[in-house]
Amino acid sequence: MKPSLTDELCTICGLCCDGSLLDDVELKSDGEASGLELMGLQIDWDNDPALPLPCRALNGKLCRIYENRPNTCRRFECKLLQRTKRGEVSVDEAKAVIVKTQKQAASVKRIFAEIEGGEGEGSLRERYQTTLENQDDAKDPDQVLYTQLNKEMDCMEGLVDRYFIDL
Ligand code: SF4
Ligand code: SF4
């Protein structure tokens, strides 16, 4: 049987789960959130419950709680997946966009690591925000890294906006 487009694209992607596109996943109820917490996932209870990204259920590019994933995850389809389903983008083009965006996210993370000196936490945009807040305290050599970071993040946001979600 031919794999579905979701199987073909999402299993090599994971960008909507790893914090590259989104900051969190909205959960529909406290009950859903508690169920996920029992499965060992971190829940942000500050306002309406949400699953912070990168998601701890992500294993490589795959969801390890796929059968029990939240309702929002079940319903979510990025623009690229929708356009591929409509035949506006070929599968090969979609795969190339995914690889290009993954490489761009990796470039941004490499600069975060150089500035922060560690792995860091949170989505790409949250880490970017935190890094910018610390820019005034950075030493002169680090300012070069900030310039690179702004450039790479601009490029990342361009890809996200063009292909995945409306920012
Ligand atoms: S970003 Fe799109 S293609 Fe990638 S895993 Fe999410 S829905 Fe699938
Ligand atoms: S629960 Fe699964 S599908 Fe939802 S964000 Fe986490 S890894 Fe992705």
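Observations on the structure shown:
- Considering only alpha-carbon pairs that sit under 8 angstrom and 6 or more positions apart, the relative contact order computed for segment 80-164 is 35 percent.
- For the chain, the relative contact order comes to 26 percent (Cα pairs under 8 Å, sequence separation of at least 6).
- Dipole of segment 80-164 [Lys/Arg +1, Asp/Glu -1 at C-beta], most positive-end residue of V91, T131, Y163: V91
- Computed [θ] at 222 nm, deg cm²/dmol, the chain (DSSP H ≥ 4; -39,500 (n - 2.57); rounded to nearest 500): -14500 deg cm²/dmol
- The chain: C-alpha gyration tensor shape, a/c 1.5 cut-off, then a/b vs b/c: oblate
- Degrees separating the helix 124-133 axis from the principal Cα axis of the chain, which is the longest one: 20
- Among G35, L9, L22 the positive-end extreme of the charge dipole of the chain (Cβ point charges): L9
- Taking a ≥ b ≥ c as the square roots of the eigenvalues of the alpha-carbon gyration tensor, segment 106-155 is classed rounded because a/c is under 1.5.
- Per-residue extension of 0.36 nm, minus the Cα-Cα distance of Q135 and E37, leaves a gain of 31.8 nm for this segment.
- Relative to the dominant Cα principal axis of the chain, helix 140-159 is inclined by about 30°.
- In a reduced charge model with +1 at each Lys and Arg Cβ and -1 at each Asp and Glu Cβ, the chain shows a dipole moment near 1080 debye about its Cα centre.
- Least to most buried among L132, L38, L159, L149 (fewest other Cβ within 10 Å first): L38, L132, L159, L149
- Note on E8 and K61: the extension gain reaches 17.9 nm, defined as 0.36 nm multiplied by sequence separation minus the Cα-Cα distance.
- Segment 22-77 - percent relative contact order, Cα under 8 Å, separation 6 or more: 38
Read-outs throughout are calculated quantities, based only on the coordinates presented, and are distinct from any laboratory measurement. Everything numeric here is computed off the predicted structure, so don't read it as measured data. Heads up, the Cβs are rebuilt from the backbone with ideal geometry, glycines too, and the neighbour counts pull from every protein chain shown.
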